[in-house]
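Chemist: Supplied in structure tokens, the structure appears directly below.
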Amino acid sequence: MVFSTMSSVLFSSTCIYVVSPLSHKKPVYNPNYLEDDATVLEQVFLHFPKEFRELNEYEAKSMLNKLGLPDYEQKVGTLSGGQRKRVALAAAL
């Protein structure tokens, strides 16, 4: 029997969920509960160790650019609701 390890990202009006065959649907990021004082890039790596950030910063910046958020030093508290959702999506991915 072969199991897929691919995950899916689902959106609701209030939360972003990650679903995988190995876990149930679980909330990952709620755009309403982002750290207002953190920069966009800090928010993406908020729950990861420093070593993870060092290894994945290029990919995170690339994803933020593709999502229309090129200013990594902008404070999350100054973002619109749609921008906050995109930051949460980048963090979830």
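Chemist: Please give me the summed charge of the neighbours of residue 68: other residues whose Cβ is under 14 Å from its Cβ, Lys and Arg +1, Asp and Glu -1.
Modeler: Net charge around residue 68: +4.
Chemist: Cross-link candidates for residue 75: which aspartates and glutamates have Cα within less than 19 Å, leaving aside residues fewer than 8 places away along the same chain?
Modeler: Excluding near neighbours in sequence, the set is 35, 36, 37, 42, 57.
Chemist: Going by average Cβ neighbours within 10 Å, how do the peptides 61-69, 39-47 rank, with the highest at the top?
Modeler: Top to bottom by mean Cβ count within 10 Å: 39-47, 61-69.
Chemist: Sort 57, 51 by accessible area with a 1.4 Å probe, largest first.
Modeler: 51, 57
The values are calculated or read from the model by the stated rules, or taken from the named source; none is laboratory data. Given the structure is predicted, the values throughout are model-derived calculations rather than measurements. Counting neighbours? That spans all protein chains shown, and the Cβs are built from the backbone with ideal geometry, glycine included. Note: areas computed on protein heavy atoms with side chains; ligands, DNA, RNA excluded. Shrake-Rupley method; radii C 1.70, N 1.55, O 1.52, S 1.80 Å.
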